[in-house]
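Single-structure report; data block below.
The values are calculated or read from the model by the stated rules, or taken from the named source; none is laboratory data. Just so it is clear, the model here is predicted, and its values are computed rather than measured. Cβ placement follows ideal geometry from the backbone for every residue including glycine, while neighbour counts extend to all protein chains displayed. Accessible surface is based on the protein model in full, side chains and every heavy atom, while ligands, DNA and RNA are left aside. Shrake-Rupley method; radii C 1.70, N 1.55, O 1.52, S 1.80 Å.
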Amino acid sequence: MNRRQFVGQLAAGSVLGAALPGGGPAHAAETGTANERRQRFAVSTYSFWQFRHENLRDLGACIDRASEMGFDGVEILHRQMTDESNGYLQGLKRRAFINSLDLCGFSTHQGFLRPEAEYRQRNIDHTIHCIELCYQLGIPTMRVNTGTWGTSRNFDDLMKNRGIEPPIDGYTDEEGFKWVIDGLEKCLKTAERCGVVLGLENHWGLGRTAEGVMRIVNAIDSPWLQVTMDTGNFLEDPYDQLETLAPRTVLVQAKTYYGGGLWYSLDLDYPRIAAMLREHDYRGYVSLEFEGRDDPLKGIPQSLAMLRKAFSTAP
């Protein structure tokens, strides 16, 4: 079932709302407001830290700044956390609530592209642990990825080669897809128990193309594995590939590059992307990932203003 069919089923059942006080969904439809909701914007804490601004790493301070800048939500980068105690997690939840912000997403890293079963199991265990952190934080969706083959010397080299790298000697992408599918399937019971939708991101490795992402999502075919769409991770034919992901997307990560990109810059047409998402009835968060060289305290609000304009003027 695609998003349009799903929304259509909800609409078909909304007549019940007419009998409710205030009219419920049926009342909203009568007044013409059902599809006129304001687009909500979040910011990834990565946008502040970028793995290089230690003075902007503190997650509590990121939450405060997000509120001051006018965001509606915050997406937390797991690697940015300096504590995982329950007291720390509940403190972040309280801080977001006091600032009238949703904790709307959690970005994690895992890798399944290794022949060693022990390595893959460690990454399964790590992913399950992160799902449970989401549950403690009340976060409804978590970014996952396939991992990379690790045959590049480092991430800089991977980016120089536009995200392309060969498999480990003696192995193939076909084997890699089996490992990724098996690994993610082993995480789904925990995801369902915790109410956390996993979003497979187009994030290098076997997720470098929309075809690779959807091959995994369609093979698993679970409501608890959908897509996290990153607008900046398709270096060829971005708009066609983004549209391929749109029907299964639960969170959009919107890249911007003010001051020039840390690894590369893309001239993304956000009104076009906004119109495409609207065509696919996307109603979730757009979460900013600022990846420019400008001071984040300057580039982040500049990015938010641009995204607001793009999504408000899109046809």
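A few points about this structure:
- Selection of first residues in the stretch 116-139 that are over 30 Å from Asp169 (Cα atoms) and of second residues that are of a type in the set (Ser, Thr, Tyr) and at pLDDT 95 or above, restricted to Cβ pairs under 6 Å at least 6 apart or on distinct chains, gives the following pairs, ordered by first then second residue: Cys130/Thr108; Ile131/Thr190.
- Test for Arg162: is it at pLDDT below 95 and either in contact with a strand residue (DSSP E or B) (Cβ under 9 Å, 6 or more places away or on another chain) or within 21 Å of Gly212 (Cα to Cα) (or both): yes
- Looking only at the stretch 67-116, and only at residues there that are under 30 Å from Thr148 (Cα atoms) and charged (D, E, K, R), the one that is least open to solvent (accessible area, probe 1.4 Å): Glu75
- Index of the failed condition, Val286 passing every other in (1) touching a residue at least 40 places away in the same chain (Cβ under 8 Å); (2) out of contact with any strand residue (DSSP E or B) (no Cβ under 7 Å at 6 or more places or on another chain): (2)
Matching residues to (1) open to solvent by 70 Å² or more (accessible area, probe 1.4 Å); (2) in contact with a helix residue (DSSP H, G or I) (Cβ under 7 Å, 6 or more places away or on another chain); (3) in a helix (DSSP H, G or I):
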site	(1), (2), (3)
Gly147	no, yes, no
Asp156	yes, no, yes
Gly163	no, no, no
Pro167	no, yes, no
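- Lone unmet requirement of (1) more than 22 Å from Asp269 (Cα to Cα); (2) more than 15 Å from the chain's Cα centre (by Cα) for Val213: (2)
- Test for Tyr119: is it modelled with pLDDT of 95 or more, touching a Cys at 6+ places or on another chain (Cβ under 6 Å) and open to solvent by 10 Å² or more (accessible area, probe 1.4 Å): no
- Filter pass, Glu192 being in contact (Cβ under 8 Å) with a residue 24 or more places away in the chain, open to solvent by less than 70 Å² (accessible area, probe 1.4 Å), over 29 Å from Phe51 (Cα atoms) and assigned to a helix (DSSP H, G or I): no
- Of all residues making up the stretch 20-59, the number that are surrounded by 14 or more Cβ atoms within 10 Å (Cβ to Cβ) and at pLDDT 95 or above: 16
- Remark: Asp125 falls outside the filter, which requires a residue to be over 30 Å from Arg94 (Cβ atoms) and either surrounded by fewer than 14 Cβ atoms within 10 Å (Cβ to Cβ) or of a type in the set (D, E, K, R) (or both).
- Summed over the stretch 59-78, the residues that are over 16 Å from Leu304 (Cβ atoms) and either in a loop (DSSP other than H, G, I, E, B) or in contact with a Ser or Thr (Cβ under 8 Å, 6 or more places away or on another chain) (or both) give a count of 4.
- In the set (1) under 17 Å from the mean Cα position of the chain (by Cα); (2) farther than 20 Å from His203 by Cβ; (3) not polar (S, T, N, Q), Leu297 fails one condition alone, (1).
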